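For reference, the structure discussed in these notes is given below.
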Amino acid sequence: MVNKMNWNGYEIYEPPHRGLLGDLTRKQARESFEHLMEVRPRRVKLLNRLLAANGVELREDDDSIQSAEDWFRENVEEDPEAPGRLKPAWYSIVNDIGLFLGTVLISRCPQLYWEFYVYGKKNMAYQRHVIMGFTRVDNSKYNVDFDLGVASYGHRVVAGNRSEYGTFVKMLKSAEELA
C-alpha cells in the first residue's frame with residue numbers, strides 16, 4: 001500500500017537531547033521536558049495543520065478525537081528496518097497526539113497538570129512528561145502518559161491489530177474518571 005498522506009510541511013520534533021528520557025541525566029531530561037512544554041502549543045498547531053491537510057478537523061470533542069484516531073490508524077507506518085516499530089517520523093506525530101490529548105484532559109479537568117516525573121528510576125514514567133494531579137486515586141504519584149499510550153496503540157496497529165476502536169477517547173474518559 002502506498003501512503004498518500006499529505007505531510008503539509010509537517011516538522012519532525014527534535015528534542016534538545018537524544019535518547020530515552022529515563023537514560024538521560026536529570027539535567028538533560030529536565031531541559032527536554034521544559035523545551036517540550038515550551039513548544040507544546042506549536043506542536044499541537046502542527047498536528048492540527050497535518051490533520052487538516054488530510055481531511056480531519058482537530059477539535060476537543062470526542063467525535064473529532066475519534067476522527068484523529070481513525071486517521072492515525074489508517075496512516076501509521078511500520079519501520080521496515082525495525083519490524084514492530086513505527087517509522088521514525090511517526091514517533092513525532094505520536095508525541096504531538098499525546099500533547100494534544102493531555103491538553104484536552106487538562107481542559108476538561110483543570111486541576112490536572114503536566115509534570116516532569118522523577119519518582120522511581122524503575123517506573124516507566126521516569127523523567128517523562130505526564131499528567132498528574134488525580135484526586136480519585138490513593139496513589140499521589142498516579143499519572144497518565146498519553147505519549148506512551150499512543151505509541152503502544154501505534155505498535156499494536158502496525159502489528160496488524162486494526163480492529164481496536166475508540167482507544168484515544170477511552171484513554172481520556174478513563175483519566176477523567178480518576179481526576
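Things worth noting here:
- Taken over the range 43-94, the criterion of being open to solvent by 50 Å² or more (accessible area, probe 1.4 Å), acidic (Asp, Glu) and without any contact (Cβ under 8 Å) to a residue 12 or more places away in the chain is satisfied by GLU57, ASP61, ASP63, GLU74, GLU81.
- Filtered by the rule that a residue be surrounded by 13 or more Cβ atoms within 10 Å (Cβ to Cβ), touching a helix residue (DSSP H, G or I) at 6+ places or on another chain (Cβ under 6 Å) and not hydrophobic (A, V, I, L, M, F, W, C), the range 124-153 gives TYR126, GLN127, ARG128, HIS129, ASP147, GLY149, TYR153.
- Residue-level analysis places SER107 among those that are within 21 Å of ALA175 (Cα to Cα) and not aliphatic (A, V, I, L, M).
- Pick from the range 12-30, criterion touching a residue at least 24 places away in the same chain (Cβ under 8 Å) and outside any loop (DSSP other than H, G, I, E, B), ranking: nearest to the chain's Cα centre (by Cα): LEU21
- The numbered conditions (1) of a type in the set (Gly, Ala, Ser); (2) more than 11 Å from the chain's Cα centre (by Cα); (3) surrounded by 13 or more Cβ atoms within 10 Å (Cβ to Cβ) are all true for GLY102 except (2).
- Of all the criteria given as (1) over 19 Å from VAL104 (Cβ atoms); (2) of a type outside the set (A, V, I, L, M, F, W, C); (3) free of Cβ contacts under 8 Å to residues at least 60 places away in the same chain; (4) buried (at least 17 other Cβ atoms within 10 Å of the Cβ), the one not satisfied by HIS35 is (4).
- Answer from ASP70, ASP79 - the residue that is more than 16 Å from the chain's Cα centre (by Cα), among the acidic types (Asp, Glu) and more than 18 Å from GLU38 (Cα to Cα): ASP79
- Qualifying positions in the range 36-67 - over 15 Å from the mean Cα position of the chain (by Cα) and acidic (Asp, Glu): GLU38, GLU57, ASP61, ASP62, ASP63
- Residue, most open to solvent (accessible area, probe 1.4 Å), within the range 1-10, restricted to residues that are touching a residue at least 40 places away in the same chain (Cβ under 8 Å) and of a type outside the set (S, T, N, Q): TRP7
The values are calculated or read from the model by the stated rules, or taken from the named source; none is laboratory data. This is a predicted model, so every value here is computed, not measured. For neighbour counting, all protein chains shown are included, and Cβ atoms are generated from backbone atoms with ideal geometry for every residue, glycine included. Side chains are part of the model used for accessible areas, which takes the heavy atoms of the whole protein and leaves out ligands, DNA and RNA. Shrake-Rupley method; radii C 1.70, N 1.55, O 1.52, S 1.80 Å.
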